[in-house]
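A.B. asks: Could you have a look at this structure, given as structure tokens, before my questions?
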Amino acid sequence: MSAGHTGGTDLLEPCGRADHPDCGIRDVLDRVGDTWSVLVLSELSAGTRRFGELQRAVAGVSQRMLTLTVRRLERDGLVTRTVYPTVPATVTYALTDRGRELSALVRGLAEWSLANRAAIAGSRESWDAAHPGSTVR
């Protein structure tokens, strides 16, 4: 969200504008609903991982995007980062209690998605056939 939308603060409170009553909710959902966060949370739900393990498990994520994602999740209190004094330093990531709670919800959504993907694909095909030339995708 833009600084103007939230009044220039990082608070998770609604901004008070009548046309944005949900901005406090949206801020959280924007974070936990982005592609990389969901995949990192899903991977960490299986246990503590090193950075390289996360990067290999989350196909397609760049090193920079993974770094940003775990930092944001750490900032939100969903992930802990532990640095061990080895040469080179060993860094691990794990879910916090809040992160585990969220990962259970994400796992439910993932299971629902798998169970319903064929039906959704069929609905999309039917809709597309009924609306030729539509740009909705």
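Read-outs: derived from the displayed coordinates by stated rules, not from any lab. This one's a predicted model, so the numbers in the text were calculated from it and none came from an experiment. Quick reminder, even Gly has a Cβ in these numbers, built from the backbone with ideal geometry, and neighbours come from all protein chains shown.
A.B. asks: Please verify whether segment 111-121 includes one or more residues that are in contact with a Lys or Arg (Cβ under 7 Å, 6 or more places away or on another chain) and within 24 Å of Thr35 (Cβ to Cβ).
C.D. replies: Taking segment 111-121 and keeping what is in contact with a Lys or Arg (Cβ under 7 Å, 6 or more places away or on another chain), we get none.
No; the residues of segment 111-121 include none that is in contact with a Lys or Arg (Cβ under 7 Å, 6 or more places away or on another chain) and within 24 Å of Thr35 (Cβ to Cβ).
A.B. asks: With respect to Glu101, is the statement that it is part of a helix (DSSP H, G or I), closer than 26 Å to Arg137 by Cβ and acidic (Asp, Glu) true? Reasoning before the result, please.
C.D. replies: Values: part of a helix (DSSP H, G or I): yes; closer than 26 Å to Arg137 by Cβ: no; acidic (Asp, Glu): yes.
Judged against the criteria, Glu101 is not a match.
A.B. asks: So Thr135 passes all but one of these: (1) more than 25 Å from Val32 (Cα to Cα); (2) of a type in the set (Val, Ile, Thr); (3) touching a residue at least 40 places away in the same chain (Cβ under 8 Å). Which condition number does it fail?
C.D. replies: (3)
A.B. asks: Another question about this same structure. Collect the residues in segment 54-98 that are under 15 Å from Leu44 (Cα atoms), part of a loop (DSSP other than H, G, I, E, B) and touching a strand residue (DSSP E or B) at 6+ places or on another chain (Cβ under 9 Å), keeping them in residue-number order.
C.D. replies: Within segment 54-98, Leu78, Thr96 meet the criteria.
A.B. asks: Whether any residue in segment 81-97 is out of contact with any helix residue (DSSP H, G or I) (no Cβ under 9 Å at 6 or more places or on another chain), surrounded by 10 or more Cβ atoms within 10 Å (Cβ to Cβ) and in contact (Cβ under 8 Å) with a residue 40 or more places away in the chain is what I want to check.
C.D. replies: Within segment 81-97, one or more residues are out of contact with any helix residue (DSSP H, G or I) (no Cβ under 9 Å at 6 or more places or on another chain), surrounded by 10 or more Cβ atoms within 10 Å (Cβ to Cβ) and in contact (Cβ under 8 Å) with a residue 40 or more places away in the chain.
A.B. asks: Can Gly47 be described as over 16 Å from Thr35 (Cα atoms), outside any helix (DSSP H, G or I) and either out of contact with any helix residue (DSSP H, G or I) (no Cβ under 6 Å at 6 or more places or on another chain) or among the small types (Gly, Ala, Ser) (or both)? Break it down stepwise before answering.
C.D. replies: Working: over 16 Å from Thr35 (Cα atoms): yes; outside any helix (DSSP H, G or I): yes; either out of contact with any helix residue (DSSP H, G or I) (no Cβ under 6 Å at 6 or more places or on another chain) or among the small types (Gly, Ala, Ser) (or both): yes.
Considered against the rule, which asks whether it is over 16 Å from Thr35 (Cα atoms), outside any helix (DSSP H, G or I) and either out of contact with any helix residue (DSSP H, G or I) (no Cβ under 6 Å at 6 or more places or on another chain) or among the small types (Gly, Ala, Ser) (or both), Gly47 comes out as yes.
A.B. asks: Any residue at all in segment 112-133 that is acidic (Asp, Glu), under 21 Å from the mean Cα position of the chain (by Cα) and either assigned to a loop (DSSP other than H, G, I, E, B) or surrounded by 10 or more Cβ atoms within 10 Å (Cβ to Cβ) (or both)? Steps first, please.
C.D. replies: Let us first name the residues in segment 112-133 that are acidic (Asp, Glu), namely 125, 128.
Now narrow it down to the ones that are under 21 Å from the mean Cα position of the chain (by Cα): none.
There is no residue in segment 112-133 that is acidic (Asp, Glu), under 21 Å from the mean Cα position of the chain (by Cα) and either assigned to a loop (DSSP other than H, G, I, E, B) or surrounded by 10 or more Cβ atoms within 10 Å (Cβ to Cβ) (or both).
A.B. asks: Of everything in segment 37-58, what is surrounded by fewer than 18 Cβ atoms within 10 Å (Cβ to Cβ), among the small types (Gly, Ala, Ser) and either free of Cβ contacts under 8 Å to residues at least 60 places away in the same chain or under 16 Å from Ala89 (Cβ atoms) (or both)? Give them in sequence order.
C.D. replies: Ala46, Gly47, Gly52, Ala57
A.B. asks: Given Val79, Val87, Val58, which one is touching an Asp or Glu at 6+ places or on another chain (Cβ under 7 Å) and at negative phi? Walk me through how you get there before you give the answer.
C.D. replies: On the way: Val79 fails: touching an Asp or Glu at 6+ places or on another chain (Cβ under 7 Å); Val87 fails: touching an Asp or Glu at 6+ places or on another chain (Cβ under 7 Å).
Going through Val79, Val87, Val58 in turn, just one is touching an Asp or Glu at 6+ places or on another chain (Cβ under 7 Å) and at negative phi: Val58.
A.B. asks: Does segment 62-120 hold any residues that are within 14 Å of Phe51 (Cα to Cα) and among the β-branched types (Val, Ile, Thr), and which are they?
C.D. replies: Selection gives Thr67, Thr69, Val70, Val79, Thr80, Thr82, Val83, Thr90, Val91, Thr92.
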